1. Within region 260-293, can you find the residues that are hydrophobic (A, V, I, L, M, F, W, C) and in contact (Cβ under 8 Å) with a residue 40 or more places away in the chain?
2. Mind listing whichever residues of region 112-168 are farther than 20 Å from residue 279 by Cβ and hydrophobic (A, V, I, L, M, F, W, C)?
3. Name the residues in region 250-272 that are surrounded by 21 or more Cβ atoms within 10 Å (Cβ to Cβ), in contact with an Asp or Glu (Cβ under 9 Å, 6 or more places away or on another chain) and either among the hydrophobic types (A, V, I, L, M, F, W, C) or closer than 24 Å to residue 216 by Cα (or both), would you?
4. Do any helices (runs of 4 or more DSSP H) entirely within region 44-161 hold 2 or more residues that are at pLDDT 90 or above, and if so, which?
5. So residue 283 fits all but one of (1) of a type in the set (A, V, I, L, M, F, W, C); (2) crowded, with 20+ Cβ neighbours inside 10 Å; (3) in contact with an Asp or Glu (Cβ under 6 Å, 6 or more places away or on another chain); what number is the exception?
6. Filtering region 262-277 down to residues that are touching a Phe, Trp or Tyr at 6+ places or on another chain (Cβ under 7 Å) and assigned to a helix (DSSP H, G or I), which residue is nearest to residue 237 (Cα to Cα)?
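The values are calculated or read from the model by the stated rules, or taken from the named source; none is laboratory data. In this text the structure is predicted, and so the values were computed from the model without any measurement. Positions of Cβ are generated from backbone atoms using ideal geometry, with glycine treated the same way; all protein chains shown enter the neighbour counts.
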Amino acid sequence: MADGDYERGRGREIASIAAHLKRLAAARSNAATQTVSEAPRPGVLVLNGWAASPQAWDLCGFAGSKFQVQSSRFQGVDVRLFSYIDQLDGLPERFLSEPGANNQAPATKFILVGWSMGGSSALRLACQFPDRVAGLVLLAATPRMMEVKETGWRGMSPRRLDALRKGLELTHGEGFFGVPEGKPNPYMVDVSENLERGLRYLLETDIRADLERVFPPHSNIHPFSHSGISFPVHIFQSERDGIVRSDNAAYLKTIFPQAQLTMVPGTEHALPIQIPKEIDDAVDACLAVAAKG
């Protein structure tokens, strides 16, 4: 064989091998992309407030899959609503502790969106199931609703808590606290037994010790991390909320130092009807972080 023929044959062989290797690399890349795309997106658990109605979330695009037309950017996200009674009955804990049970979605992690009493539940769940949490969106959330005079914790007085109950009873849940024009009523009337159970929860619950144990303040670890677990946190708080004081947001910021903290002007406690776009953006941001792995 002439030298030129040999070189040409050798060149074709090398080109064939290179093409084969390129196809293998492309196949591996496609497989990796397919694996990533097939990974389930985080779900969203909505934890409602005391005496709150499902309509409280009607203006939030992420919640539309359950309550109205879901915004296109959240399509395919599994959203579950837990009422305050569900929370008192331990249903969110059961849902997170029994993967695959009760027709559970394929999502293995969840963004916890908690308002008021539901924010307290979200914090409790984050302490119990940190490995199942893909993000926290906390709205007027508190680890301890009631005041503790001995330690200077600024919370609600028992007298104020009783006034909330009487106000709900007098208005039968219609226009409780007043509802801004054009907004859905975020509150509802309920049977006295349920309302009392919720009030006892607010009166007795204190999650601060658990938070400080699971997410030690000012620690050297990643601010959202515990045993290698990390997730983003968004905190929303009205500046002059008459139910959950702004001190709660300041405290939560010490637990989650890198959290995105948004102080909302005014006194409105029902943040889901007040700042739905900002809440949607926070949920979207949590989904974006999860998508990056």
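1. Matches in region 260-293: 270, 271, 273, 279, 282, 283, 285, 286, 287, 289, 290, 291.
2. 127, 129, 145, 146, 148, 153, 156, 161, 163, 164, 168
3. Matches in region 250-272: 255, 271.
4. 84-88, 91-97, 117-128
5. (3)
6. By that ranking, first place goes to 271.
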